[in-house]
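Q: The following block contains the structure, expressed as structure tokens.
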Amino acid sequence: MPKLDERLKAVAVQIRSRVHADIGSDHGHLLKALLTSGRIERGIAIEVNQRPFENSRSTLSGLAADVRLADGLEGLSPGEADSLSICGMGGELMTRILETHPGRVPADVVLQPHRRPDAVRRWALQSGFHLVEEQLVVGRQRYVVMRFRLDRSTAESANDPAYDAVDREAALLFGPLLIKRWETRFRDILVEEYQYLMRLDQRTDDSAQRLSALSKLLDRNGLP
Ligand SMILES: C[S@@+](CC[C@H](N)C(=O)[O-])C[C@H]1O[C@@H](n2cnc3c(N)ncnc32)[C@H](O)[C@@H]1O
């Protein structure tokens with residue numbers, strides 16, 4: 001796919017639908033790659049800021065895409081898109097966008113938060129979106145790409161089979177499917193974070209919570 005870095009490539013392979021909306025499209029490269037590779041038929045780019053809106057418009061010119069200047073889901077009508085992505089923002093901002101118009105969120109959602117993926121996982125559990133795929137991307141930084149599918153029957157119960165047989169606190173922080181897969185690279189990243197947190201003289205509430213969850217998780221797996 002043209003012009004995509006490893007992070008957006010990992011997002012793009014999770015998307016295949018008729019109409020796809022990308023919120024915070026910025027440069028517009030994700031939608032361009034999805035359209036030119038035939039993974040989607042039509043794209044909707046939504047940008048809240050003028051300069052990235054114009055960048056998206058220029059990138060997507062001549063392609064089957066609408067480019068809209070709007071704040072998050074303000075720019076999307078209910079039922080208009082089959083799938084949606086939000087990439088490259090913090091997890092709290094993503095959940096604010098998703099919670100502002102829950103009825104406009106399509107059934108297929110791909111999210112790639114730069115920080116606080118736990119906020120995204122909590123939103124999904126509380127909104128009936130099941131985690132169907134979770135990928136770790138290791139480049140200049142580490143990212144997680146998550147694909148969710150709506151199952152309305154579980155919206156009230158915060159129940160998702162992805163969380164079966166894993167510690168809920170560790171799963172929210174580090175990813176239930178990544179924990180179940182327990183690949184060497186993932187395990188090494190957790191050990192590295194554990195060792196770093198252990199060396200700190202003082203810990204914030206967040207780092208103390210991560211250390212406690214990591215310690216239990218690694219212990220359960222016979223490490224470090
Ligand atoms: C860091 S860029 C990420 C761009 C691209 N999605 C990527 O992953 O490479 C975040 C973009 O989201 C846009 N953005 C932030 N809040 C938004 C909102 N509420 N609605 C639409 N776009 C938003 C910003 O203007 C910015 O262009």
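The values are calculated or read from the model by the stated rules, or taken from the named source; none is laboratory data. None of the values given here were measured: they were computed from a predicted structure. Please note: Cβ atoms are built from the backbone with ideal geometry, for glycine as well, and neighbour counts cover all protein chains shown. These accessible areas exclude ligands, DNA and RNA; they are computed on the full protein's heavy atoms, side chains included. Shrake-Rupley method; radii C 1.70, N 1.55, O 1.52, S 1.80 Å.
Q: Looking only at region 88-106, which residues are open to solvent by 30 Å² or more (accessible area, probe 1.4 Å) and either over 20 Å from the mean Cα position of the chain (by Cα) or under 23 Å from Val13 (Cβ atoms) (or both)?
A: Gly88, Met89
Q: Restricting to region 22-52, and then to whatever is away from the ligand (no atom under 14 Å from the Cβ) and assigned to a strand (DSSP E or B), can you tell me which residue is surrounded by the most Cβ atoms within 10 Å (Cβ to Cβ)?
A: Result: Ile40.
Q: For Ala165, indicate whether it is open to solvent by less than 30 Å² (accessible area, probe 1.4 Å) and outside the structural domain of Arg142 (by TED's automatic domain parsing).
A: Working: open to solvent by less than 30 Å² (accessible area, probe 1.4 Å): no; outside the structural domain of Arg142 (by TED's automatic domain parsing): yes.
No, not satisfied.
Q: Please determine, by comparing only the residues of region 53-87 that are in a helix (DSSP H, G or I), more than 9 Å from the ligand (Cβ to nearest atom) and polar (S, T, N, Q), which one is surrounded by the most Cβ atoms within 10 Å (Cβ to Cβ).
A: Residue satisfying both the conditions and the ranking: Thr59.
Q: What pairs come up if the first residue lies in region 189-213 and is under 19 Å from Leu223 (Cα atoms) and in contact (Cβ under 8 Å) with a residue 12 or more places away in the chain, the second is of a type outside the set (A, V, I, L, M) and open to solvent by 90 Å² or more (accessible area, probe 1.4 Å), and their beta carbons are under 7 Å apart, counting only those six or more places apart or on different chains?
A: Final answer for the pair search is Ile189/Arg142; Val191/Pro224; Tyr194/Pro224; Leu197/Arg203; Leu211/Arg203.
Q: Right, something else. Kindly indicate which of Arg152, Arg187, Arg203, Arg181 is more than 20 Å from the chain's Cα centre (by Cα), open to solvent by 90 Å² or more (accessible area, probe 1.4 Å) and basic (Lys, Arg).
A: It is Arg203.
Q: I'm trying to understand the selection: among the residues of region 3-15, which are more than 9 Å from the ligand (Cβ to nearest atom) and in contact (Cβ under 8 Å) with a residue 60 or more places away in the chain?
A: Glu6, Ala10, Gln14, Ile15
Q: Residues that are on the phi > 0 side of the Ramachandran plot and assigned by TED's automatic domain parsing to the domain that holds Val105: does region 43-55 have at least one? Steps first, answer last, please.
A: Keep residues of region 43-55 that are on the phi > 0 side of the Ramachandran plot, which gives none.
The answer is no, given that none of the residues of region 43-55 is on the phi > 0 side of the Ramachandran plot and assigned by TED's automatic domain parsing to the domain that holds Val105.
Q: Sticking with this structure for a sec: Confirm whether Pro117 is open to solvent by 10 Å² or more (accessible area, probe 1.4 Å) and within 16 Å of the ligand (Cβ to nearest atom).
A: yes
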